[in-house]
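Inspection log for the structure reproduced underneath, given as structure tokens.
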Amino acid sequence: MSSAPDVIAARPAARTAPLRREIPHTVSPGLWTLAWRRLRRDRLAMVSLAIVAAFIVLMILSGLGAVAKDWAQEVGVNYAPPSFMGPDAVPEAPSGQPRVDVSDAAAVAAPADDTGVVDPIGDVIAALKGSGPAAGATSSGAASDAPGFVDPLADVMKEIEGARRPPAAAGDAAKSVDPLADVMKDIEAGKGKAAAADTRRATLPFGADKWGRDVIAKTIKGSETSIFVGLAAAFVATLIGTVLGALAGYYGRWVDDALNWFYSIFSSIPYLLLILAVAAVLQHKGTMTIVLILGLTGWTGVFRLIRAEYLKHKSREYVQAADAIGASNARRMFKHIFPNISHVVLVQLSILVVAFIKSEVILSFLGFGVPVDVVSWGSMLNEAQNELLLGKWWQLAAAGGTMAVLVTAFSLFTDALRDALDPKLKGGKGH
Amino acid sequence: MNTPATLPAGNPLVRVRNLRIGFRLDRHTVFDAVKGISFDIPCNSTVALVGESGSGKSVTSLAILGLLPPENTLVDPGSEILYAGRNLATLPRNELVALRGSEISMIFQEPMTSLNPVFTVGFQIEEVLKLHRDMTGNQARKRAIEVLAEVGIPEPERRIDYFPSQMSGGQQQRVMIAMAIACEPKLLIADEPTTALDVTIQKQILDLIAALQKKHQMSVLFITHDLAVVGEIADHVIVMRNGEIREEGPAAQVFAAPRDTYTQALLQCRPSLDRRPMRLPVIDDFMDGQALNAADLPERTRGVRPEDPVVLSVRNLGKSFYAREGLFGSREFKAVRNVSFDLRRGKTLGLVGESGSGKTTVGMTLMRLHEATTGQALFEGKDILAMTPRQFMPYKRRIQIIFQNPYASLNPRFIVGQILTEPMEIHGIGASAQERADLAFELLDKVGLPEVSFYKYPHEFSGGQRQRIAIARCLTLKPDILICDESVSALDVSVQAQVLNLLQDLQQEFGLSYIFISHDLAVVKYIADEVMVMNQGEIVEIANSDAIYRHPREPYTQRLLASIPRGFRPAGARA
């Protein structure tokens, strides 16, 4: 009796070889093609996708330095209003006027103690910061007439403080301000003199911030940071969560137990404390640090979900069938099961991007986020909270508005993506 | 709620006229599920709606209750479902809700999923009574115990507080029936109520439905794909195909002298217990008008002789599962105990038993998809159960398995070409990708699929075609032994016949040995040379298939064989 192998092997292979080329065929649309078709029919999804894509293009251009490269230059007067509002009322004393307002408003609105101490130091530091990049990167000093505006400020402030403060505190503040102001004067004077004194514009398309930096450029730069952090951190978290979830769900037993312990420990620590701890361990403040922090703390949700998916799929018949034909564990895990759950991963990734953009904003707002020389939506909002007291709303509007647009578009896109990938979720088909 | 329906004598209970239902698939395409059918359900009788999947039988029954999903269902405005002078097709939703469960009620296929697992069965029955009969708690409970007793649940006073998971599948279906008849409906719709059940339980449930129908003088609309089941209980038979009625008439006439070719085909393509034709007739033969009557086909002889060479010899196979109990403890459950048998080359060993008998576990253990607890399986003189996974690898391809559900056993993200070439890739069969592809094309041809299938995804195929793909996948590895685990159970009868014919052809051509696991005794009788009956993990009886069906020795086997639906028997014989 001839066994099966012989019979099949004996069949002429040559006969069928040309057949393969002759067959007219169209490769049937796979999951992704079908999902894309469904997505394309969803008008809302396409609009949000276009918005998200525009933001990402912007991020890339900004990252490459094509746009908003000179965001740190102080192109306008400080707090220059948006063009459509016209320049401030007192053009001769563009800088002095608002400064008086600052301390007045602060003195009225908040306990004198706080604002009095914080304001001048903040200013000085900020001025330092502002001049830093200007000094390093550009020789044409945009901060050229800085001394012109720093001096009167300091004077006014000192007067005010002298008037309102207990002598001890005033002295303190004066002492701490004085040396810094000197250093600054030196720096500014060093390069400022040569450059034209009147390059700073009274108005900018969407206003300027405290130091006269263009809010639009700043927002673009801030978007770059925030979107990059969101995307990169979501990628890290999804990668960790997927790999660990796959291992736990597929192997089960002690692997699952161990990873679940790990997961439980991670998720039992309050989120912010964990972030502070990771930040302390990493010992370095930078954009990548934030990515790592968010990535290392944000994988838990993905882990649970992917673990559950693997648990479900590993007992499916097609995986058993793969076992029966001799597929290895790795092959079953990643070649067989993964394509079947990849849509879950993608949706999770999409959800996490939105969540992490928000997390980055919150962290930066609280001061745990990006370092001070990097601008992000969070740091812009942080600055904006003081400005708002002065009625300088444009930085808040720019950062908050762009963030709202992106987050909303991204969330809508995520929803549409989930529906497109799993049409069963959207109402049963019934049969 | 409303006035009870008064029916003039002689008028049918339900009159369906020109029922036309479509489903909107997307913005531009509508699938016509039911294409303008008309039929009557007379008072106090059982009407069977028979058809294969996609025939529109379930859609019809759901339409009567208004249970079709409103968002994508299009019911033709000319459709009429007249019940007690009202058109159910156009009745407002709240009036339909009042009818559901009280005057028209329904039993579904899967009792496990139709009962809510977090409520006791008593609560679920009482809920119906409170809703439709305005009963108080105590009254409802009393009535619930009554109906539970009526459907044959032992100790109903105690069982009423059980949760569905504490009951067996048969008992759960009885609870579903109790729920359905609690309000004494005029029409009971039973949608494949026995398909998910074992053959012995199926018989009990069929008897129960028949008895309740007589007792309560209600009408039953019985929906099934299995003509043999229908023969047991129906007065009237309606045969549907592709949304149209092919034939209707009294059961006796439909079974004895079917007029429609499709009905004839349905009756013929199911293997019968009496004869074993060389090939089973398939629907296409009948539709082409070139069918041979099954009685005229030559018979195939089945059976093993002691001198046939043994390919696999299983000795004292045992498999235990351990359920975790408490923190460190575990409870042993012996799924398979002390199973020994010989599989002979080129022959088929049928493995029959009810659910939980361990028949699937035997197959899984031989494939080493589960590790055996005890025992040996000698293949070419070597114990494949004692090998390390590495040693087992070359043997793995020699024993292959075809699973029950062709919808689940093919990876939905692979095209057929990938599905077929992957096993060859793993086992190094074929020198190049081209060679493997050629072999795949050849196998597609062998299992009767067009070559373009190579580039398609599994979801583009019907159940029978998918099972062919699964068979082709096994054949890529040139196995010696093929384990068929309920491989034809999920298929329509006509497709089942095609797949059974294919399996027989392949066996003849390649000398394959099959272990054919099934709960369907008629199919096993047809395809097996030797039959092994299992119960609760142990072998009850093992013998040549003709011998076991003619002269079962063990009482359990006798009971099992007695439960097989025999098709239509005259009314006198039934009662």
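The values are calculated or read from the model by the stated rules, or taken from the named source; none is laboratory data. These numbers come from a predicted model, not from an experiment. For neighbour counting, all protein chains shown are included, and Cβ atoms are generated from backbone atoms with ideal geometry for every residue, glycine included. Areas reflect the complete protein model, heavy atoms only, side chains present, ligands, DNA and RNA absent. Shrake-Rupley method; radii C 1.70, N 1.55, O 1.52, S 1.80 Å.
Couple of notes before you dig in:
- In this structure, A:S268 and B:S320 have a Cβ-Cβ separation that, at R0 = 35 Å, corresponds to a calculated FRET efficiency of about 0.40.
- Inter-probe distance in nm under a simple model that places probes 7 Å from Cα toward Cβ, at B:M112 and B:D445: 4.3 nm
- Equivalent ellipsoid semi-axes - Cα gyration tensor, region B:139-282, angstrom: 34, 18, 12
- Accessible surface buried once B binds A (1.4 Å probe; total of both sides; Å²): 4500 Å²
- Reduction of at least 40 Å² in accessible surface, 1.4 Å probe, comparing all protein chains with the chain by itself, residues of region B:391-440: B:K396, B:F403, B:A408, B:N411, B:R413, B:F414, B:E422, B:I426, B:Q434, B:D438
- Spin-label pair B:Q418/B:A149, simplified geometry with 7 Å Cα→Cβ offset, distance in nm: 6.1 nm
- Across the accessible surface of region A:339-389, with the other protein chains kept in place and a 1.4 Å probe, carbon and sulfur atoms take up 67 percent.
- Helical contribution to [θ] at 222 nm, DSSP H n ≥ 4, -39,500 (n - 2.57), averaged over chain B, rounded to 500: -10500 deg cm²/dmol
- When you count the other C-beta atoms within 10 angstrom of each residue and take the mean per peptide, B:211-219, B:34-42, A:213-221 line up highest first as A:213-221, B:34-42, B:211-219.
- In summary, region B:444-488 shows an alpha-carbon radius of gyration equal to 1.16 times the 2.2 N^0.38 Å reference for compact globular proteins.
- The listed peptides B:273-286, A:240-253, B:110-123, ordered by packing as a protection proxy, come out as A:240-253, B:273-286, B:110-123 (highest mean of other Cβ atoms within 10 Å first).
- Site pair B:K215 and B:E307 shows an inter-label distance of 6.0 nm when each label is modelled 7 Å from Cα along Cα→Cβ.
- Restriction of the chymotrypsin sites (Phe, Trp or Tyr not before Pro) in region A:295-404 to DSSP coil positions whose beta-carbon has at most 15 other beta-carbons within 10 angstrom yields A:W393.
- For peptide B:54-61, the mean count of partner chain Cβ atoms within 10 Å of a residue's Cβ comes to 1.
- Per residue, the solvent-accessible area of chain B (1.4 Å probe, heavy atoms of protein chains only, all protein chains present) comes to 41 Å².
- Taking all pairs of distinct alpha-carbon atoms in region B:502-547, Kirkwood radius in angstrom: 11.6 Å
- Accessible area of region B:195-284 belonging to carbon and sulfur atoms, whole % at 1.4 Å probe: 49 percent
- Percent of Cα pairs exceeding the 36 Å cut-off, where the set is chain B: 42 percent
- Å² per residue, accessible surface of region A:334-424 at 1.4 Å: 38 Å²
- Between the amide H of B:M534 and those of B:V352, B:G353, B:V540, distances stay under 5 Å, these residues lying 5 or more places away or on another chain, with hydrogens modeled in the peptide plane.
- Whole-angstrom Cα spans of region A:292-431 along principal axes, big to small: 72, 38, 17
- Within chain B, the longest segment free of exposed loop sites, counting GluC sites (Glu not before Pro) that fall outside DSSP classes H, G, I, E and B and have at most 16 other Cβ atoms within 10 Å, spans B:72-306.
- Centre separation in Å (Cα based) which lies between region B:237-257 and region A:245-260: 55 Å
- Cα centroid separation - region B:372-439 against region B:82-117, whole Å: 48 Å
- Coil-residue chymotrypsin sites (Phe, Trp or Tyr not before Pro) of region B:310-388, DSSP, other Cβ within 10 Å capped at 10: B:F328
- At least 30 Å² accessible surface lost relative to isolated chain, residues of region B:465-491 (1.4 Å probe): B:R473, B:K478
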